[in-house]
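Only one structure is covered here, and it is reproduced in the block below.
The values are calculated or read from the model by the stated rules, or taken from the named source; none is laboratory data. Note that the structure is a prediction, hence the values are computed from the model and not measured. FYI the Cβ positions are ideal-geometry reconstructions off the backbone, even for glycines, and counts take in every protein chain you see.
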Amino acid sequence: MADQADVRSLDRLEEFRQQAEAFRTGLLKEIESLTLELRRLTQWLEQDVLGYWGDESSKAERRWAECRDNLSRCQSYVRVDEKRPCTEEKKRLRLAEQRLELCQQKLRLSQAALTFWQTERSKLQAHIARCQDFAESNMRVTCEHLRDQIERLSLYTQLRSTPRSTPPSSPPNPGSPHPGTPGRGAEAEGQSEQRNEP
């Protein structure tokens, strides 16, 4: 048949099976490592980045409210001659506003980055799931089937290489003459000829 495999060495076939099994094991390890890295990146965005700028925004908002109240108290007066410039309070409020604006901007960017990453992670997880199913199901069944075929071929090769033993010849019957010895008829004829001689 045209689709029959031309197997010339079981050692090569076994080597191929071992390499396929090693590839399957390595693929599963890489999938596990990649899944762990994706989880770490998600935790970094959710907890470290988003959590950090969320906390900083809250701190900046409280600081801004404090500076605003300080400026309001500084600017409060009873008489016109008590009016003060409040230069330091204005400076602190301006810096607090800049810090609050920066933190809010970073928080929005972090939220956008997390949303984008969650979408991309879903796509990656779909590819990873297909690779994992291929390694745990398809490749595992293939390697097991290949191992069974190698065992059968090895057994078949051993049977072919074992010489066949010739069956022992059956012993002659007790009453049958040995090959090359005259039978009873020939003996009788010889004795009759001797008696007829003068």
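Residues 142, 115, 157: which one is at pLDDT 90 or above and among the β-branched types (Val, Ile, Thr)? The conditions single out 115.
So if I check each of 158, 111, 132, 98, which one is surrounded by 15 or more Cβ atoms within 10 Å (Cβ to Cβ) and over 30 Å from the mean Cα position of the chain (by Cα)?
The conditions single out 111.
Just one of the listed residues (125, 118, 111) is under 30 Å from residue 22 (Cα atoms), in contact (Cβ under 8 Å) with a residue 24 or more places away in the chain, out of contact with any strand residue (DSSP E or B) (no Cβ under 7 Å at 6 or more places or on another chain) and assigned to a helix (DSSP H, G or I), namely 125. On the basis of being over 30 Å from residue 132 (Cα atoms) and either modelled with pLDDT of 95 or more or charged (D, E, K, R) (or both), does residue 105 make the cut? Considered against the rule, which asks whether it is over 30 Å from residue 132 (Cα atoms) and either modelled with pLDDT of 95 or more or charged (D, E, K, R) (or both), residue 105 comes out as yes.
Scan region 29-86 for residues that are under 30 Å from residue 123 (Cα atoms) and of a type in the set (A, V, I, L, M) and the total you get is 8.
What residue, among those in region 59-86 that are aliphatic (A, V, I, L, M) and either at pLDDT 95 or above or touching a Leu at 6+ places or on another chain (Cβ under 9 Å) (or both), is surrounded by the most Cβ atoms within 10 Å (Cβ to Cβ)?
Per the stated criteria, the residue is 60.
Of all the residues that make up region 41-100, how many are aliphatic (A, V, I, L, M) and on the phi > 0 side of the Ramachandran plot? The number of residues fulfilling the criteria is 0. Being assigned to a helix (DSSP H, G or I) and either in contact (Cβ under 8 Å) with a residue 24 or more places away in the chain or closer than 30 Å to residue 38 by Cα (or both) is a property that residue 98 lacks.
Among the conditions (1) surrounded by 12 or more Cβ atoms within 10 Å (Cβ to Cβ); (2) under 30 Å from residue 24 (Cα atoms); (3) among the hydrophobic types (A, V, I, L, M, F, W, C), the only one that residue 126 does not satisfy is (1). No other residue among 89, 56 is touching a Cys at 6+ places or on another chain (Cβ under 7 Å), surrounded by 13 or more Cβ atoms within 10 Å (Cβ to Cβ) and closer than 30 Å to residue 44 by Cβ apart from 56.
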